[in-house]
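Coordinate-derived values only; no laboratory data. Small disclaimer: the values here were computed from a predicted structure and weren't measured. Virtual Cβ from ideal backbone geometry, glycine too; neighbours counted across all protein chains shown.
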Amino acid sequence: MELNGVQRKFIDNKLDSLSKSKFRSSFKLKKKDLDYISNKGYDVIEEHAYRFIRERLALKIIDNDGKQTPMRGHPVFIAQHATACCCRGCLYKWHHIEKDKELSEKEIRFIVCLIIEWIKRNER
């Protein structure tokens, strides 16, 4: 996923802001996560991110909002918590994405870009 200069700066600023949160900065990829990324590759991880966001976060009404994203089990889940893309409440608080609407493709793409960039930066 290629970002242009404006998108890169926006993602950089968001990740910088999130890194200043004690809670958000506490999330780290474990060896198991790193091995999974290495074995699957970024194309597959990105596919998973799109699927998870569409299935768990993009709907207008989410019955278990605030509890839909596990705290472990997949690198994307860890990244969702680290980037405040884990529930609609966090999306609103951190990214000003309204709760009571279906996410647009542009919003989904932003979320996935943020998640993938966080993973890349935390893979090192």
Just check the range 1-63 against the gyration tensor rule for me: Cα atoms, a ≥ b ≥ c as the square roots of the eigenvalues, rounded for a/c under 1.5, and otherwise prolate or oblate depending on whether a/b exceeds b/c.
rounded
For the chain: relative contact order, % (alpha-carbon pairs under 8 angstrom, 6 or more apart)
32
Point-to-point label distance, residue 105-residue 12, nm (Cα→Cβ direction, 7 Å offset):
2.9
Unsatisfied cross-links (Cα-Cα over 24 Å) in the set 67/93; 99/120; 31/120; 30/60
99/120; 30/60
Under-5 Å amide H pairs with residue 29, H placed in peptide plane, nonlocal only
none
Ranked by GNM mean-square fluctuation in the chain (Cα springs under 10 Å), the top entry among 99, 20, 28 is 20
Spelling out what I want: for every residue of the range 84-92, take phi, set θ = phi - 60°, compute 6.51 cos²θ - 1.76 cosθ + 1.60 (Karplus), and round to whole Hz; glycine and proline get x.
6, 10, 9, 8, 5, x, 5, 4, 6
Under the Kirkwood approximation for Rh and a Cα-based Rg, what ratio Rg/Rh is obtained for the chain?
0.93
Hey, can you grab everything whose amide H is under 5 Å from the amide H of residue 65? Only 5+ residues off in sequence or another chain; H modelled, so Pro and N-termini drop out.
none
Inter-label distance for residue 39 and residue 51, nm, one decimal - labels placed 7 Å from Cα along Cα-to-Cβ:
1.5
Loop-only chymotrypsin sites (Phe, Trp or Tyr not before Pro) in the range 1-63, please: DSSP not H, G, I, E or B, and at most 12 other Cβ atoms within 10 Å.
23
